[in-house]
Amino acid sequence: CHNSGDVANQTSPSIRQNSDLLGTTCVSFSLHPSLKTKAPDMSAQAEQDPTTSISQILTYLSIKTTSPVPRGFRFVGSRGLVATDDDSYKPSRDTAELNRLQMQHYQARFVFHGNYNAPVEEALTRGIKVLDAGCGPGLWTMEMATAYPDSTFIGTDIAKTFPTKSLPPNLSFMVEDTVGPAGLPFEDGEFDYVYQRGMTGAFSSDQWEKAIIELIRVTKPGGWIELIEYDQNIKSRGPNFARWNDAVIETQRNHKIDCDRAEALPELLNHFSLEEISGDYASWPISWGGRIGNLVGEIYKMLFVTLKPTVMAQLQCTEEEHDKMVELAREELRKYKSWGNLFFVYGRKR
């Protein structure tokens, strides 16, 4: 089994690549107790009833699984860390979509064994000011505010999808647009640590540049910026899932969304002259490989429903043709051991 790490380690995650497609790898996962704090559960409001509830997801976060992994699949060893405006293609933020976003939060936390990678644990414990830009349902912000009561947290998002009641006293949420005409309503150098995740499906290349400029502006000299993004180019695809995946990506490109940004995150921060830049990625299975694979499989099950109108329009297919393609695609995820990557990068403002 691969189990590297130590609670005090503040370097990048220890990542190992398995090069034997036929070999069996045992992966041990564990989390610091403070990460097991249950975030607000909005799943009861979901308009569709997923097979995995948010509360059940939390039981996935400390497991031991044995499964063959494909060539190139990468995982992080346990470190015990404490952790567009066009709606024609963009997933809506109804209750079912919010449920999926919550599940995606636990996916990211599971993959990296914690809520962050930047070396900020000591500062968070001591007490700093943190911005979660594009916070969505606010689970990351809620968990971090609970784990670090001496730090102050602010979450922003273009939609009011975050909780408004029973918040920790060191947490507040605001409806703001990072790439809007006015930018963020904060002073220059206001935050010690700025975090952003999951914007690959939202920003164009120009918006990415504007977002990074704005995040750097509100970060203090010597402060840290961390970006985490999901790669949308899934690996080891069967023909039907490939057709679906390509349709989603092509639609985004047609709307000038930069869906290839995840892999280029380090170059993005380097372009803006941040220092001490560190980045890497870890992989996640889809519908295979134990509980984490089941969790990601549920996320894709929701995406198949949410993106159905988008994919049908892109492929010019009937509903019956779409549903048959999705049925076969779901089978292929297990058969082909499909998987994706989650990239992170952090850097320090000069």
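The values are calculated or read from the model by the stated rules, or taken from the named source; none is laboratory data. Only a predicted model underlies this, so the values are computations on that prediction, with no experimental measurement involved. So basically every Cβ, Gly included, is an ideal-geometry build from the backbone, and we count neighbours across all protein chains shown. Calculation scope for accessible area: heavy atoms of the full protein, side chains included, ligands and nucleic acids excluded. Shrake-Rupley method; radii C 1.70, N 1.55, O 1.52, S 1.80 Å.
Got a sec? Charge dipole of region 95-243, +1 on Cβ for Lys and Arg, -1 for Asp and Glu; which of Thr95, Phe173, Asn115 is way out at the positive end?
Thr95
Cα centroids of region 212-290 and region 305-346: how far apart, whole angstrom?
Taking the Cα centre of each part, region 212-290 and region 305-346 sit 19 Å apart.
Please turn the phi angles of region 185-193 into ³J(HN,Hα) values with the Karplus equation 6.51 cos²θ - 1.76 cosθ + 1.60 (θ = phi - 60°), one per residue in order, whole Hz, x for glycine and proline.
For region 185-193, the Karplus-derived couplings read x, 10, 6, 4, x, 7, 10, 7, 8 Hz, x marking Gly and Pro.
Show log10 I(q)/I(0) for region 131-252 at q = 0.12, 0.17, 0.18, 0.23 Å⁻¹, two decimals, from a solvent-free Debye sum over equal Cα scatterers.
Taken in order of the listed q values, log10 I(q)/I(0) reads -0.52, -0.89, -0.96, -1.34.
Mind ranking Ile158, Ile128 by accessible surface for me, highest first, 1.4 Å probe?
Details: Ile158 95, Ile128 20 Å².
These residues rank, largest area first, as Ile158, Ile128.
Picking from Gly340, Cys317, Phe272, whose Cα lies most toward the positive end of the charge dipole for region 244-350 (charges on Cβ: Lys, Arg +1; Asp, Glu -1)?
The Cα lying farthest towards the positive end belongs to Phe272.
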